[in-house]
1. Conditions first: (1) over 20 Å from Ala16 (Cβ atoms); (2) among the polar types (S, T, N, Q); (3) part of a helix (DSSP H, G or I). Thr40 passes all but one, so which condition is the exception?
2. So if I check each of Ala130, Ala120, which one is outside any helix (DSSP H, G or I), modelled with pLDDT under 90 and either hydroxyl-bearing (Ser, Thr, Tyr) or open to solvent by less than 40 Å² (accessible area, probe 1.4 Å) (or both)?
3. Can you tell me which condition Leu72 does not meet? The list is (1) assigned to a helix (DSSP H, G or I); (2) touching a helix residue (DSSP H, G or I) at 6+ places or on another chain (Cβ under 7 Å); (3) of a type in the set (A, V, I, L, M), and all the others hold.
4. Counting only residues that are of a type in the set (Ser, Thr, Tyr) and open to solvent by 40 Å² or more (accessible area, probe 1.4 Å), how many does region 15-42 have?
5. With the requirement that a residue be of a type in the set (A, V, I, L, M, F, W, C), crowded, with 21+ Cβ neighbours inside 10 Å and in contact with a Ser or Thr (Cβ under 8 Å, 6 or more places away or on another chain), what does region 43-64 give you?
6. Looking for something out of contact with any Ser or Thr (no Cβ under 8 Å at 6 or more places or on another chain), surrounded by fewer than 15 Cβ atoms within 10 Å (Cβ to Cβ), assigned to a helix (DSSP H, G or I) and free of Cβ contacts under 8 Å to residues at least 40 places away in the same chain - is there at least one such residue anywhere in region 88-96?
7. Answer yes or no as to whether Ala108 is open to solvent by 50 Å² or more (accessible area, probe 1.4 Å) and within 14 Å of the chain's Cα centre (by Cα).
Amino acid sequence: MMTKTDLAARLRNACAAVIAAEQELTEIDSKFGDADHGLTLSKIARAVTEGDQSEGCIQAMLDDAATAVMSLNGGSAVPLWNTWLDGMQEAAPEGEEIDVPGLQALFAKALEELNDMSGAQVGDKTMMDA
């Protein structure tokens, strides 16, 4: 079993890695895009980190994170990450703990929602490949 506190810590660690890679992500994007991807992902990571401080159950925490992300200005990445987080919260338990099958369902629902929203497939050279 994983508690809400454990899941929040894992989210914070993942977000810290994204924030630490901001410059690298920006440099990569500068070769193919408008060099804002690192900044945008850092803003999203900070919003997710703020959302994981919420009171309530795992579902409420993920819903707060999705809401925090959706309030950002960040091009196409914001609705994609909001959709992913919203999908996670739809499958999340209303309690304070989640087991392995619950985590699998949480990530499967997030991927399903992202697939439905984006229409992109792996191999299309989009964020779905990431």
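1. Failing condition for Thr40: (1).
2. Ala120
3. Here Leu72 clears every test but (1).
4. Within region 15-42, residues that are of a type in the set (Ser, Thr, Tyr) and open to solvent by 40 Å² or more (accessible area, probe 1.4 Å) number 1.
5. Hits for region 43-64 are Ala47, Met61.
6. No, region 88-96 contains no residue that is out of contact with any Ser or Thr (no Cβ under 8 Å at 6 or more places or on another chain), surrounded by fewer than 15 Cβ atoms within 10 Å (Cβ to Cβ), assigned to a helix (DSSP H, G or I) and free of Cβ contacts under 8 Å to residues at least 40 places away in the same chain.
7. yes
This table checks each residue for (1) of a type in the set (S, T, N, Q); (2) touching a residue at least 24 places away in the same chain (Cβ under 8 Å); (3) in contact with a Lys or Arg (Cβ under 8 Å, 6 or more places away or on another chain).
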position	(1), (2), (3)
Thr3	yes, yes, no
Ala9	no, no, no
Arg12	no, yes, no
Glu27	no, no, no
Thr49	yes, yes, yes
Ala65	no, yes, no
Asn82	yes, no, no
Gly102	no, no, no
Ala110	no, yes, no
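The values are calculated or read from the model by the stated rules, or taken from the named source; none is laboratory data. Remember, predicted model here, so these are calculated numbers, not experimental data. Ideal geometry is used to build each Cβ from the backbone, glycine not excepted, and the neighbour counts take in all protein chains shown. Ligands, DNA and RNA are stripped out before the accessible areas are found, and what is left, the full protein with its side chains, is counted by its heavy atoms. Shrake-Rupley method; radii C 1.70, N 1.55, O 1.52, S 1.80 Å.
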